[in-house]
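The values are calculated or read from the model by the stated rules, or taken from the named source; none is laboratory data. None of the values given here were measured: they were computed from a predicted structure. FYI the Cβ positions are ideal-geometry reconstructions off the backbone, even for glycines, and counts take in every protein chain you see. Calculation scope for accessible area: heavy atoms of the full protein, side chains included, ligands and nucleic acids excluded. Shrake-Rupley method; radii C 1.70, N 1.55, O 1.52, S 1.80 Å.
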Amino acid sequence: MKPLIKKLVESYGPSGHEEQIREIIRSEIKGLADYVTIDPLGNLIAVYKKKAKSGKKVMLAAHMDEIGLIVSHIDAKGFASFVPVGGVRPLTCIGGRVRFANDVIGVIGVHERRDSNGVPTLDDLFIDTGATSPDTSPVKVGDAAGFFRPLEEIGDRLVAKSMDDRISCAVMIEVMRQLKRTPHEVQFVFTVQEEIGTRGATTSAFGLDPEVAFSIDVTATGDTPKGHRMEVALGNGAAIKVRDAGMISDPRLVTLLEQRASEAKVKSQREVLQGGSTDARAIQVVRAGVPSGCVSIPCRYVHSPSEMVDMRDVNAAVSLLVQTLEKPIDL
Ligand code: CO
Ligand code: ZN
């Protein structure tokens, strides 16, 4: 799975600009599904048709967009100001690198400030693309960039930008590869625009009208020095979401996932997340409502250019989802 993960996390695709990452995923899943479509908002949808009468319409959602930025102004010397795409924090930007759709690389610098030790705002930051004037700037106002950093392997851990949520895209692709028998219609959706308000999940779930849904996304951990007061830790298995800031998982699905995890002898842990949410928040409340849950990949340093996951948790998430989809889902 590691070459696949590397390819996905290193690709370009800030929210609203998912063309490149979508093409990469589309070629990875070629021939696996009964049919593949792209909906009007850009969601990539791969469907395994129902094989048994008792099967349900089950939607799986992992978002393929990533946080990033959009150029808002270019000054007389060619430096670019920007606005954020999704939850971008100034502290994780400084000294970082970004990449535009045309492969232009920029470095993020910070203006001289009166209190140089104080926390900067995004307005204090700029992108240096090597340009010396607006005319020589290789990027224009309105161009979008993603962060840029190669993947690194540290023991059982992988570090990269955009683990949120490309790691779950990799999980979903691996589930598609491993899933041999399922009674269900399984709708694998690689969603767009999650980071700016779960927009792709909203429209795709409306279109697909599932009976049950699971999002797959990263979650924070409480295992760093003075970290959140939170139980989730790297290496303790796939996280089964109970609650986050945007939703309460359907308790029947929490029970089901825990049962399937123990049957498959897969390590799992319960997740109660204070801030943040996932595509499941949106899916849960489309149309007349969809019983929804979420399988999370524990991840340190979420929304930084060095998001860290543990391969054992990634593999656990794959096994848990395969086990769940192979069996009946009775609510
Ligand atoms: Co995110
Ligand atoms: Zn995410």
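Things worth noting here:
- Residues that are open to solvent by 50 Å² or more (accessible area, probe 1.4 Å) and of a type outside the set (D, E, K, R) were ranked within region 188-202; the one that is farthest from ligand 1 (Cβ to nearest atom) is T202.
- The set of residues from region 203-246 being free of Cβ contacts under 8 Å to residues at least 60 places away in the same chain, under 19 Å from the mean Cα position of the chain (by Cα) and open to solvent by 10 Å² or more (accessible area, probe 1.4 Å) comprises V242, R243, A245, G246.
- If you filter region 1-25 down to residues that are part of a helix (DSSP H, G or I) and in contact with a strand residue (DSSP E or B) (Cβ under 6 Å, 6 or more places away or on another chain), you find that the one that is surrounded by the fewest Cβ atoms within 10 Å (Cβ to Cβ) is R22.
- Answer residue from region 85-100, given it is crowded, with 19+ Cβ neighbours inside 10 Å and part of a strand (DSSP E or B) and is farthest from ligand 1 (Cβ to nearest atom) among those: F100
- Qualifying residue in region 46-56 (condition: assigned by TED's automatic domain parsing to the domain that holds Q193, at pLDDT 95 or above and within 16 Å of ligand 2 (Cβ to nearest atom)): no
- For E258: the one exception among (1) assigned to a loop (DSSP other than H, G, I, E, B); (2) away from ligand 1 (no atom under 16 Å from the Cβ): (1)
- Residue within region 29-37 that is under 19 Å from the mean Cα position of the chain (by Cα), surrounded by 17 or more Cβ atoms within 10 Å (Cβ to Cβ) and farther than 21 Å from R199 by Cβ present: yes
- Residue that is within 22 Å of G227 (Cα to Cα) and small (G, A, S), where the choices are A245, A288: A245
- Yes/no for A131 being within 16 Å of ligand 1 (Cβ to nearest atom) and either farther than 21 Å from S306 by Cα or at pLDDT 95 or above (or both): no
- The number of residues in region 151-171 that are acidic (D, E), surrounded by fewer than 24 Cβ atoms within 10 Å (Cβ to Cβ) and either within 16 Å of ligand 1 (Cβ to nearest atom) or part of a strand (DSSP E or B) (or both) comes to 2.
Quick grid of which residues meet (1) part of a helix (DSSP H, G or I); (2) touching a helix residue (DSSP H, G or I) at 6+ places or on another chain (Cβ under 6 Å); (3) under 26 Å from A46 (Cα atoms):
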site: R149; (1), (2), (3): no, no, no
site: P183; (1), (2), (3): no, no, yes
site: V189; (1), (2), (3): no, yes, yes
site: E195; (1), (2), (3): no, no, yes
site: D217; (1), (2), (3): no, yes, yes
site: P225; (1), (2), (3): no, no, no
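- Extreme residue, nearest to the chain's Cα centre (by Cα), among residues of region 287-300 that are touching a residue at least 60 places away in the same chain (Cβ under 8 Å), over 15 Å from I248 (Cα atoms) and not in a strand (DSSP E or B): C299
- Residue count for region 266-293 under the criterion of being open to solvent by 50 Å² or more (accessible area, probe 1.4 Å) and not hydrophobic (A, V, I, L, M, F, W, C): the result is 5.
- Residues being outside any helix (DSSP H, G or I), open to solvent by less than 10 Å² (accessible area, probe 1.4 Å) and out of contact with any Asp or Glu (no Cβ under 6 Å at 6 or more places or on another chain) - total across region 308-327: 1
- Within region 38-52, tally of residues that are of a type outside the set (G, A, S) and in a strand (DSSP E or B): 5
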